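The values are calculated or read from the model by the stated rules, or taken from the named source; none is laboratory data. Computed from a prediction, not measured in an experiment: that's the story for all the values here. Here the Cβ is made from the backbone with ideal geometry for all residues, glycine too, and neighbour counts use every protein chain on show.
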Amino acid sequence: MPETALAIGGQKESFFMKKVMESLPEGGNLNMCLTCGACASGCPATELEGMDPRKFLRMAALGMDEVIEKSDWPWMCTMCQRCIYVCPMKIDIPQLVYHARALRPREQRPKGILGSCDMALKNESTSAMGASPEDFRFVVEDVLAEYREAQPEFKNMQAPIDKQGAEFFLNQNSREPVTEPDELVPLWKILHVVGADWTYGSKGWAGENYCMFLADDRSWEHVTRLTANQADTLGCKVFLNTE
Amino acid sequence: MKIKFTVQDPCQIVRKSFGEPIAEDLRFVVKSIVGEENFIDMEPNRSNNFCCGGGGGFLQSGFKEQRLKYGKVKDGQIQATGAQYCIAACHNCHAQIHELSESYGGHYQVVHLWTMICLSLGILGPNEREYLGNDLKEVAVFHPETAM
Ligand code: SF4
Ligand code: SF4
């Protein structure tokens, strides 16, 4: 279907759901609902905004695209997939939710998520908290030096950045380097004790990806490729996502 | 010490990625650390667990009231175990469950798995204990003289 056919509102037929189905294997089974309600009864987001997963799916099937576009509920479903897990038809409601997020113009999506995504696009850290690669290096080296001295059993502990040929590429949630650097250390210690050969990347070290939550596919891909490319460039065999 | 622990199965790691095998691995590690008799599972658990409400960007979406309401079921499941600690091996879970504990008066501690592993190995220093409760803050401290 051409892009132009995705006009929102007023239609009897659901253009939104049709479009989503075209993008999913087996159409996400979206037209196979038995209306049994198993999804809704075990969904923690049921009742928020007067909505639940079954109702949301019915609204989409009935072409109530305008209501779906206006609802804040897609931002309250965490896409946890419990509904799929319990659904007898394995219907992919979270994908419907994800696409519903994208119905809104980017700048009208929740400010916190938008801001975190934009922050990640600012530099090559991909950090939602805006820490630069230099900030990250400074914190890691500083904390490492401090602990090597204070705890001599760990005087040989490593926390490398861009170590060529390391087996594991590890990323890190920005919260530790930015707000609680001491919390970096236990993980380093475990990796040291087991003798893991690992490295952070100067690019794409930040594990969080709010562009994905924003349903901004291009930025999501940018962030993911940046970090994956760094792991490839360093020749790492395993990508460890601590998120 | 008779301290009880439960564990949150992160949706992203268990149901959405590696399924039951990793849920078993997680329990193997946790039981090895705290002792089998001190571990108690939430209901439901593993791939059938309830999301805590920290995922999908909810933490940054601005809908705080709804987010805490979403997490009320999870809080109830944790409180039903009677555990003093919930181990959260995911950042989003950690942040959200910590807030649930404070909001609903459960006052259970929420800890990273890495903290517990290092504690059990006797290599957890005094400044790496942000999330331990008073019952464990002073236990097996590595290099206590470095406390800040
Ligand atoms: S569990 Fe599946 S079949 Fe049942 S109402 Fe929900 S989506 Fe429909
Ligand atoms: S994915 Fe969304 S709709 Fe499905 S159970 Fe989780 S919160 Fe509910």
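Going through (1) surrounded by fewer than 23 Cβ atoms within 10 Å (Cβ to Cβ); (2) outside any loop (DSSP other than H, G, I, E, B); (3) at pLDDT 95 or above; (4) within 16 Å of ligand 1 (Cβ to nearest atom) one by one, A:Pro44 falls short only on (2). Evaluate region B:51-74: report whether one residue or more is closer than 21 Å to B:Lys4 by Cα and part of a loop (DSSP other than H, G, I, E, B). Yes.
Out of all the residues in region A:42-52, which are at the interface with chain B (Cβ under 8 Å from one of its Cβ atoms) and near ligand 2 (Cβ under 10 Å from one of its atoms)? Hits for region A:42-52 are A:Gly42, A:Pro44, A:Ala45, A:Leu48. Inside region A:163-175, residues that are crowded, with 20+ Cβ neighbours inside 10 Å and more than 9 Å from chain B (Cβ to nearest Cβ) make up a count of 6. Among the numbered criteria (1) within 11 Å of the chain's Cα centre (by Cα); (2) farther than 16 Å from B:Ile3 by Cβ, which one does B:Ile123 miss? Single failed check for B:Ile123: (1).
Evaluate region A:112-124: report whether one residue or more is over 22 Å from the mean Cα position of the chain (by Cα), more than 16 Å from ligand 1 (Cβ to nearest atom), at pLDDT 95 or above and within 30 Å of B:Met148 (Cβ to Cβ). No: zero hits. Residues of region A:179-205 that are in contact with a helix residue (DSSP H, G or I) (Cβ under 8 Å, 6 or more places away or on another chain) and part of a helix (DSSP H, G or I): A:Pro181, A:Asp182, A:Glu183, A:Leu184, A:Val185, A:Pro186, A:Leu187, A:Trp188, A:Lys189, A:Ile190, A:His192, A:Val193. Just to be sure before I move on: is A:Leu121 in contact (Cβ under 8 Å) with a residue 60 or more places away in the chain and surrounded by fewer than 23 Cβ atoms within 10 Å (Cβ to Cβ) in the structure I sent? Yes: the conditions hold for A:Leu121. Among what's in region A:176-219 and is within 10 Å of chain B (Cβ to nearest Cβ) and in contact with a Lys or Arg (Cβ under 7 Å, 6 or more places away or on another chain), pick the residue that is surrounded by the fewest Cβ atoms within 10 Å (Cβ to Cβ). The selected residue is A:Ala215. List the pairs whose first member sits in region A:76-91 and is over 23 Å from B:Leu59 (Cα atoms) and in the same structural domain as A:Cys36 (by TED's automatic domain parsing), whose second member is polar (S, T, N, Q) and within 12 Å of ligand 1 (Cβ to nearest atom), and whose Cβ atoms are under 8 Å apart, counting only residues at least 6 apart or on separate chains? Going by the 8 Å Cβ cut-off, the qualifying pairs are A:Met89/A:Asn29; A:Lys90/A:Asn29; A:Ile91/A:Asn29.
Table: residues versus (1) farther than 20 Å from A:Tyr210 by Cα; (2) within 14 Å of another protein chain (Cβ to nearest Cβ); (3) within 16 Å of ligand 1 (Cβ to nearest atom).
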residue: A:Arg54; (1), (2), (3): yes, no, yes
residue: A:Asp65; (1), (2), (3): yes, no, no
residue: A:Ile68; (1), (2), (3): yes, no, yes
residue: A:Trp73; (1), (2), (3): no, yes, yes
residue: A:Gln108; (1), (2), (3): no, yes, no
residue: A:Arg137; (1), (2), (3): yes, no, no
residue: A:Leu144; (1), (2), (3): yes, yes, no
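Among the residues of region A:75-94, the ones that are in a helix (DSSP H, G or I) and either within 16 Å of ligand 1 (Cβ to nearest atom) or away from chain B (no Cβ under 14 Å) (or both) come to 7 in all.
Name the residues in region B:3-25 that are part of a loop (DSSP other than H, G, I, E, B) and within 15 Å of ligand 2 (Cβ to nearest atom), would you? Within region B:3-25, B:Asp9, B:Pro10, B:Cys11, B:Gln12 qualify. If you filter region A:25-41 down to residues that are surrounded by 14 or more Cβ atoms within 10 Å (Cβ to Cβ) and outside any loop (DSSP other than H, G, I, E, B), you find that the one that is farthest from ligand 2 (Cβ to nearest atom) is A:Gly27. Out of A:Leu114, A:Leu187, one residue alone is hydrophobic (A, V, I, L, M, F, W, C), touching a residue at least 40 places away in the same chain (Cβ under 8 Å) and farther than 22 Å from B:Ser120 by Cα. It is A:Leu114. Whether any residue in region B:22-32 is touching a Gly at 6+ places or on another chain (Cβ under 7 Å) and buried (at least 21 other Cβ atoms within 10 Å of the Cβ) is what I want to check. Scanning region B:22-32 turns up no residue that is touching a Gly at 6+ places or on another chain (Cβ under 7 Å) and buried (at least 21 other Cβ atoms within 10 Å of the Cβ).
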